[in-house]
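Student: Sharing a structure with you now.
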Amino acid sequence: METLVTAPSLNEIARDLVSRRATLGETLPVLSRAEFLAASDAALLAVPGFRQLHAERWDPALPVPEDLTALPEGTLGSCYARYMEHYRLSPDFFPIRSRLGPDATPTQYAVHRLNKCHDFFHVLGSYETSDSDEVAVQSFVFGLAPAALALFLAEAAVHPDIAQARYKHLRDIYSGHIQAQDFERGVAAMSMLGARFESLLEEPLQVLRRRLGISERGSSLLGHRGENSCAGFTSLPFFTVAKAA
C-alpha cells in the first residue's frame, strides 16, 4: 500500500523553525510562500473575534498616552501610558504599509494590527524595549501569528526608511534567534489577535492577561536592563519582579 505523505502544516513549520533555533530573518522565505499565507488566513479567521475585526477593517485611532494618565493604576491604559512615557516612545513607530482596503487578506490585516498594537504586546507580555527583549517580544508574536510576522518583517525590510538610524533596533532583530519560551507564550495567547485593545484601556491589566491566556513571564527575565538602540538610550527597566504591571 502506498504511504500518503502530507505537506507540513503552518504550525509544524513554525515549531520546526523554533526547534532549529532559526533567526527571525530566516522565517521570511519559508513562511512567505503562498500555501502558508493561505493557511494563515484560515487560522486567523478561526480566532474568536478576529473574523469580525477583519470584516469591519476595524481601525480606531491609537490612544494618546497623555490622555490616559487619569485612568486607575493597574489598568491597561494606565500602564500603557506610563510605559510609553518611561521609554519616550511614540505610537505607530515601525515603517510599514497598512493593508486596510476591501481586498486586504486576513493575514495582511493582521500585519496592520501587529504593527499598530506592538506596544500593547510589550505591556501585556511584560517586555522591555531593550534589544534582547525586542527579539523576545517578536518571538512571542511569532507564536501568535507566524506567517503574519514573517510578512510584517518582509515588508519592513524593504521599506525605504529602514536604513534610518532610528530603526537600527528593527534591523538587528532579523539576526535574533526565535526564543522558544516566548514562542510558546504566544501560542497560548492566540486569542489576543481578536482583541480590541483600544477599547480595553480601562480593564485591569492582570485580569486581561488571564483572560487572554498570557502566562506570567519568568522572574529571571523581568527587569532586564539592556541596550535600547530603538529609543537611542539605555533606561532602567520598566517591569520588575516586584511590580510586573
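The values are calculated or read from the model by the stated rules, or taken from the named source; none is laboratory data. As the structure is a prediction and not an experimental result, all values here were calculated from the model. When we count neighbours, we look across all protein chains shown, and the Cβ atoms used for this are built from the backbone with ideal geometry, even at glycine. Surface areas here come from the heavy atoms of the whole protein model, side chains and all, with no ligands, DNA or RNA. Shrake-Rupley method; radii C 1.70, N 1.55, O 1.52, S 1.80 Å.
Student: Scan segment 49-60 and report the pairs whose first residue is within 19 Å of R211 (Cα to Cα) and whose second residue is open to solvent by 50 Å² or more (accessible area, probe 1.4 Å), with Cβ atoms within less than 8 Å and a gap of 6+ or a chain change.
Tutor: G49/R196; L53/R196
Student: Something else about it: Could we say that L68 is open to solvent by less than 30 Å² (accessible area, probe 1.4 Å), in contact with a Gly (Cβ under 7 Å, 6 or more places away or on another chain) and either in contact (Cβ under 8 Å) with a residue 40 or more places away in the chain or within 27 Å of Q206 (Cβ to Cβ) (or both) here? Step through it out loud before you land on a result.
Tutor: On the way: open to solvent by less than 30 Å² (accessible area, probe 1.4 Å): yes; in contact with a Gly (Cβ under 7 Å, 6 or more places away or on another chain): yes; either in contact (Cβ under 8 Å) with a residue 40 or more places away in the chain or within 27 Å of Q206 (Cβ to Cβ) (or both): yes.
For L68, the condition - open to solvent by less than 30 Å² (accessible area, probe 1.4 Å), in contact with a Gly (Cβ under 7 Å, 6 or more places away or on another chain) and either in contact (Cβ under 8 Å) with a residue 40 or more places away in the chain or within 27 Å of Q206 (Cβ to Cβ) (or both) - is met.
Student: Now for a different question. Would you confirm whether or not segment 75-87 contains a residue that is part of a loop (DSSP other than H, G, I, E, B) and open to solvent by 60 Å² or more (accessible area, probe 1.4 Å)?
Tutor: no
Student: Now for a different question. State all residues of segment 159-180 that are under 17 Å from Q138 (Cα atoms) and either among the acidic types (D, E) or open to solvent by 60 Å² or more (accessible area, probe 1.4 Å) (or both); if no residue qualifies, say none.
Tutor: K168, R171, D172, S175, H177, Q179
Student: Taking the residues in segment 130-147 that are surrounded by fewer than 24 Cβ atoms within 10 Å (Cβ to Cβ) and hydroxyl-bearing (S, T, Y) as candidates, determine which candidate is modelled with the lowest pLDDT.
Tutor: S130
Student: Out of (1) in contact with a Cys (Cβ under 9 Å, 6 or more places away or on another chain); (2) surrounded by fewer than 21 Cβ atoms within 10 Å (Cβ to Cβ); (3) among the aliphatic types (A, V, I, L, M), what's the single condition that is false for V207?
Tutor: Here V207 meets the rest and fails (1).
Student: Can you pull out every residue in segment 49-65 that is part of a helix (DSSP H, G or I) and out of contact with any Asp or Glu (no Cβ under 8 Å at 6 or more places or on another chain)?
Tutor: F50, R51, Q52, L53, H54, A55, E56
Student: Answer yes if at least one residue in segment 88-98 is in contact with a strand residue (DSSP E or B) (Cβ under 8 Å, 6 or more places away or on another chain) and either of a type in the set (A, V, I, L, M) or assigned to a loop (DSSP other than H, G, I, E, B) (or both), and no otherwise.
Tutor: no
Student: Can you find even one residue in segment 99-113 that is open to solvent by 60 Å² or more (accessible area, probe 1.4 Å), over 22 Å from F239 (Cβ atoms) and not in a helix (DSSP H, G or I)? Reasoning before the result, please.
Tutor: Step one: of segment 99-113, the residues open to solvent by 60 Å² or more (accessible area, probe 1.4 Å) are 102-103.
Going one step further and asking which of them are over 22 Å from F239 (Cβ atoms), we end up with 102-103.
So of that shortlist, the ones also not in a helix (DSSP H, G or I) come out as 102-103.
Yes - at least one qualifying residue is present in segment 99-113.
Student: Can we say A150 is touching a Ser or Thr at 6+ places or on another chain (Cβ under 6 Å), of a type in the set (G, A, S) and at pLDDT 90 or above?
Tutor: Values: touching a Ser or Thr at 6+ places or on another chain (Cβ under 6 Å): yes; of a type in the set (G, A, S): yes; at pLDDT 90 or above: yes.
Yes.
Student: Still on this structure: For segment 24-33, enumerate the residues that are surrounded by fewer than 21 Cβ atoms within 10 Å (Cβ to Cβ) and either at pLDDT below 95 or under 18 Å from L144 (Cβ atoms) (or both).
Tutor: Result: L28, P29, V30, S32, R33.
Student: Among the residues of segment 23-44, write down those that are hydrophobic (A, V, I, L, M, F, W, C) and within 18 Å of the chain's Cα centre (by Cα).
Tutor: Let us first name the residues in segment 23-44 that are hydrophobic (A, V, I, L, M, F, W, C), namely 24, 28, 30-31, 34, 36-39, 42-44.
Across segment 23-44, the qualifying residues are L24, L28, L31, L37, A43, L44.
Student: Here is a further query. Quick check on my filter: what residues within segment 19-40 are closer than 17 Å to E155 by Cβ and not in a helix (DSSP H, G or I)?
Tutor: L24, S32, R33
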